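None of the figures in this text is laboratory data; all of them are computed from the coordinates on show. Note that the coordinates shown come from a computational prediction; the quantities given were computed from them, not determined experimentally. Heads up, the Cβs are rebuilt from the backbone with ideal geometry, glycines too, and the neighbour counts pull from every protein chain shown.
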């Protein structure tokens, strides 16, 4: 099924929403957000780049009282430069704001605040030091990711978490350069690395890492390693057949009624069953010449 076909109907489960959000990252998002809640850490949520809404739907499930969720995406709008426009046309041609909102509202009663614009405007729309969790998954071009990381730094509370998507994919070198540049030169401290995302903070990562390691070591569906590079402890996690964490089903999805065979018409239903031909009639049909057989059929039809 193509992404366009998949968006023709309301999703019933989170897995029905198209997008690149593996079970490992669903589990990590859930763990970080629930830990923040347990620690009493307050702040808004922000996502840059929403695609069809898969990760946004999960983020919205973790909103606490008094918090605000903001998403920012170009949707059908014009990109700020030619390279970004070409990127959007190639990778996100099927994305529309309507599709995102329909998917999101399948799981939530209210939409987040939607900014339909380049991510470069987010610093003007979201207050400094107001967010506890920022997911950066917009453009893959270095200049834009560099700006998105700078915006995340200003928007996050001191102990807030930023997640950078596609930081090591072979087709997104611009994200890799911007991510590791932020680690080496801009004060970003890695918490952990999944196959797809870098989780970091401008606060102290060690308490988070210790709790995370304790949790991950108890799971048989996670491969785990700890490395050191340039003075940073890097916790690496990978899935070993992990299943997505439990997530509430769609509130508004109604399964289609099973298809039923069309009822027989009254005239057809009332018509008596035709008796099976006798052995003598079957034998005559096989042995008589075709001209004689057709004549017999015409005579029988006239009598009926």
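Here are some notes:
- You can think of it this way: the chain between residue 110 and residue 229 has 38.5 nm of extra reach, that is 0.36 nm per residue less the Cα-Cα gap.
- Fewest-first ordering of 243, 125 by other beta carbons within 10 Å of each residue's beta carbon gives 243, 125.
- Look at 104, 142 and count the other Cβ atoms within 10 Å of each Cβ; fewest to most, that gives 142, 104.
- Neighbour counts of other Cβ atoms within 10 Å put 171, 153, 140 in the fewest-to-most order 171, 153, 140.
- Residue-span extension gain [residue 177 to residue 15] - 0.36 nm each, minus C-alpha spacing: 55.2 nm
- At R0 = 22 Å, FRET efficiency that the Cβ-Cβ distance of residue 98 and residue 142 yields, to 0.05: 0.10
- Length gained when the stretch residue 214-residue 251 is fully extended (0.36 nm per residue, less Cα-Cα span): 9.9 nm
- Three-way shape call for the range 3-239 based on the alpha-carbon gyration tensor, with the a/c threshold at 1.5: rounded
- Peptides ranked, highest mean first, by Cβ atoms within 10 Å: ranges 56-65, 36-45: 56-65, 36-45
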